[in-house]
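This report concerns only the one structure given below.
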Amino acid sequence: MHATNSIAKTSVSSFSFVESSFFALKFKKKDGIECFLAESRIENRADVEAELDKVKPSHVLMSAGITGRPNIDWCEDHKPETIRTNVIGTLNVADLCNMKNIHCTIYATGCIFKYDDEHALGSGVGFTEESFPNFAESFYSETKGYMEQMLKCYPKCMILRVRMPISDDLIHRNFVTKIVKYERVVNIPNSMTVLTEMLPASLAMAKAGLTGVYNFTNPGVISHNQVLDLYKKYIDPTYTYKNFTVEEQAKVIKAGRSNNELDTTKLMRDMPEGVVINDIQTAVDLCFQRMKVNLTEMGWLPDNMPKEFLRN
């Protein structure tokens, strides 16, 4: 359940990752940056500090945490474990980086909001970086809401509100991988993060020394149905799905789910020059085009998809 750490170095500066190998592999492709997958768990402060002292990175990129398997409902029955990693562990990393004058990027979550009267569904009015969390209907989101308020106290910390991350593979954390296995989905427009575009953007932001909170999603919103329609178009023409209401969904889950739109004005304003971020509709379409190529090259398409990625 606990993500591991990784660390990286160049002749000019170094980047330390506290995450799974997925993030490390993505960043290893960047010229001039050497990445190291660390061995310590973030809840073990002494171990994390020892690795930081050994590598002496200029930057830390931290996305370790617990969401639970198969989903955040797990956290409802494992609250001490969730706190140990998502609260204590995250604070360990941020605090140690502050003590050692290291820039720290925290891949946090935007699932701390829900549509309300001032940010109504379909209004186009999104939550800003100054908005206070209004969603605590899952223990996962509740802990993340606490964390953001504390992390903002660290002057060298950049907090990125990621939502429903999508990648051009079928890694188990991919939002697409999760929802294609469901018989029924809610059809609500949401802000989402296409990692292929946004991870390089986060690296540029870290190198530029940006700090504070950023809504870290592609501009605009996209619905579950629109995502699954693209999956059907590019990946599996035989795929079918059904919708149900939020009220019906609540009967089959333990914890509530966040639905919201995040305002990306600040993100786009402060984005370093040369970084391209597409609107979410374009970004997801391009992501599925790449996914089709990737899965075809792997031999999974057109008709050899592993069972673990198919709906039972």
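The values are calculated or read from the model by the stated rules, or taken from the named source; none is laboratory data. Please read all numbers here as calculations on a predicted model, not as lab measurements. Neighbour counts are summed over all protein chains in view; Cβ atoms, including those assigned to glycine, are modelled from backbone coordinates with ideal geometry. Note: areas computed on protein heavy atoms with side chains; ligands, DNA, RNA excluded. Shrake-Rupley method; radii C 1.70, N 1.55, O 1.52, S 1.80 Å.
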Practice task
Can you grab the distance from the C-alpha centre of the stretch 41-64 to the C-alpha centre of the stretch 69-148, Å, no decimals?
Solution key: 20 Å
Completion exercise
Most packed first (mean Cβ within 10 Å per residue), the peptides 300-307, 196-203 order as 196-203, 300-307
Completion exercise
Carbon/sulfur accessible area of the chain, % of total, 1.4 Å probe, equals 53 percent
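Only Lys, Arg, Asp and Glu count, each charged at its Cβ (+1, +1, -1, -1), so figure out the dipole size of the chain about its Cα centre, rounded to 20 debye.
Working: 36 positive and 39 negative charges, 112 e Å.
It comes to approximately 540 debye.
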Handout entry: Highest-MSF residue in the chain out of Ala208, Ala38, Ala94 [GNM, Cα springs under 10 Å]
Key = Ala208
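Probe of 1.4 angstrom, ligands and nucleic acids ignored: what's the accessible area per residue over the chain, in square angstrom? Write out the running numbers ahead of the final one.
On the way: 14170 Å² over 312 residues.
Each residue of the chain exposes 45 Å² on average to a 1.4 Å probe.
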Completion exercise
Going residue by residue through the stretch 283-293, the Karplus relation 6.51 cos²θ - 1.76 cosθ + 1.60 with θ = phi - 60° gives ³J(HN,Hα) values, rounded to whole Hz and with x marking Gly or Pro, of 4, 5, 4, 5, 4, 5, 4, 5, 4, 4, 4
Exercise for the section: Using a 10 Å cut-off on Cβ atoms, rank the peptides 104-113, 232-241, 80-89 from the highest mean neighbour count down. Expected result: 104-113, 80-89, 232-241
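Using helices alone, I'd like the mean residue ellipticity at 222 nm for the chain: each DSSP H run of four-plus residues gives -39500 (n - 2.57), total over residue count, nearest 500. Mind dumping the intermediate values first?
Working: 12 runs with 109 residues, N = 312.
The per-residue figure over the chain is -10000 deg cm²/dmol.
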Exercise for the section: Among Pro155, Pro133, Pro57, determine the one that fluctuates most according to a GNM of the chain built with springs between C-alpha atoms less than 10 Å apart. Expected result: Pro155
Handout entry: Among Val125, Val176, Val194, residue whose mean-square fluctuation peaks in a GNM of the chain (springs only between Cα atoms under 10 Å)
Key = Val125
